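Trainee: I have a structure I would like to understand better, so I am pasting it below and will then ask my questions one at a time.
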Amino acid sequence: MIRDDIKSATIAAMKGGDRDTTGTLRLMAAAIKNRDIEARTSAAPKDDDALVTEVLQKMIKQRRESAEIYRNNGREDRAVTEEAEIAVIERFLPPQMSDADAEAAIRAIVAETGAASMKDMGRVMALVKERLGASIEPARASGLVKVALSQA
């Protein structure tokens with residue numbers, strides 16, 4: 001389980017004296033804990049790894065946006081810090097699909113659903129999230145679905 005891997009990595013980073021990695025791992029654990037607390041009032045998640053992956057993908061998205069803002073404002077040092085945190089977080093995500101594989105899978109889903117326009121985007125994205133889940137970032141999947149629907 002990803003949650004256990006994060007705990008083990010935190011202990012290893014603390015023993016190794018890697019303060020930056022330890023800090024990022026602690027942020028990850030805190031974000032997961034917050035998501036667990038939110039989940040208490042809603043339906044129980046089907047899969048713990050899916051919940052953790054969702055949290056980690058959100059953290060990566062936030063850090064990418066922050067790094068871009070820092071770069072635009074001339075704060076290269078802060079952008080590098082955000083990118084270092086992204087590298088630590090990505091270690092715990094499942095491998096991402098290649099562009100060719102993702103495009104092929106999305107085209108198959110579009111063909112299967114009979115989607116013909118952007119009106120069908122929600123239906124297609126629901127299936128993409130269900131079938132491809134953690135193997136493709138939601139923002140990347142959205143872009144590929146838009147391209148596939150515009151060509152349909």
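Trainee: In percent, how large is the relative contact order of the chain, given Cα pairs closer than 8 Å and 6 or more residues apart? The partial results should precede the final answer.
Mentor: Working: 120 pairs, mean separation 32.1, N = 152.
Relative contact order comes out at 21 percent.
Trainee: Quick check of the Kirkwood formula: for the chain, what is the inverse mean of 1/r over all pairs of different Cα atoms, in Å?
Mentor: 17.2
Trainee: Another one. Give the total of Lys-Lys pairs in region 13-152 with Cα-Cα distances below 22 Å; include a pair only if its members are 8 or more places apart or on different chains.
Mentor: Going through region 13-152 pair by pair, I get 12.
Trainee: Before I look further, what does region 1-108 give for accessible area per residue, probe 1.4 Å, in whole square angstrom?
Mentor: Working: 6890 Å² over 108 residues.
On a per-residue basis, 64 Å².
Trainee: Per-residue ellipticity at 222 nm for the chain, helices alone: DSSP H runs ≥ 4 residues times -39500 (n - 2.57), over residue total, nearest 500 deg cm²/dmol?
Mentor: The helix-only estimate for the chain comes to -25500 deg cm²/dmol at 222 nm.
Trainee: Any chance you could list P(r) for region 96-152, counting all Cα-Cα pairs in 5 angstrom bins from zero, rounded to whole %?
Mentor: 4, 23, 39, 23, 9, 1
Trainee: Oh, and also: Within 10 Å of each candidate Cβ there may be at most 11 other Cβ atoms; applying that plus a DSSP loop requirement, which trypsin sites (Lys or Arg not before Pro) in region 1-57 survive?
Mentor: Arg40, Lys46
Trainee: Moving on to the next point. Determine the dipole magnitude for the chain: charges of +1 sit on the beta-carbon of Lys and Arg, -1 on that of Asp and Glu, nothing else is charged, the reference point is the Cα centre, and the result goes in debye to the nearest 20.
Mentor: Rounded to the nearest 20 debye, it is 360 debye.
Trainee: At 7 Å along Cα-to-Cβ for each site, give me the label-to-label distance between Ala116 and Arg91 in nm.
Mentor: Placing both labels 7 Å along Cα→Cβ, they lie 5.1 nm apart.
Trainee: A follow-up question, please. Ordering Arg91, Arg63 by how much accessible area each has at a 1.4 Å probe, largest first, what is the list?
Mentor: On the way: Arg91 140, Arg63 30 Å².
If we order Arg91, Arg63 from most to least accessible, we get Arg91, Arg63.
Trainee: Would you mind pulling out the separation of the Cα centroids of region 101-151 and region 2-21, in Å?
Mentor: 36
Trainee: Quick one: helix 19-39 against the long Cα principal axis of the chain, what's the angle to the nearest 10°, folded into 0 to 90?
Mentor: Approximately 50 degrees, to the nearest ten.
Trainee: Give me the percent of accessible area attributable to carbon and sulfur for the chain, probe 1.4 angstrom. Please report the intermediate quantities before stating the final value.
Mentor: Numbers: 4960 of 9280 Å².
Summing carbon and sulfur atoms, their accessible area is 53 percent of the total for the chain.
The values are calculated or read from the model by the stated rules, or taken from the named source; none is laboratory data. On a predicted model such as this, the values are computed, not experimentally measured, just so you know. Cβ coordinates were reconstructed from backbone atoms using ideal geometry, including for glycine residues, and neighbour counts include every protein chain displayed. The protein model used for the area step is the full one, side chains on, heavy atoms only, and it has no ligands, DNA or RNA in it. Shrake-Rupley method; radii C 1.70, N 1.55, O 1.52, S 1.80 Å.
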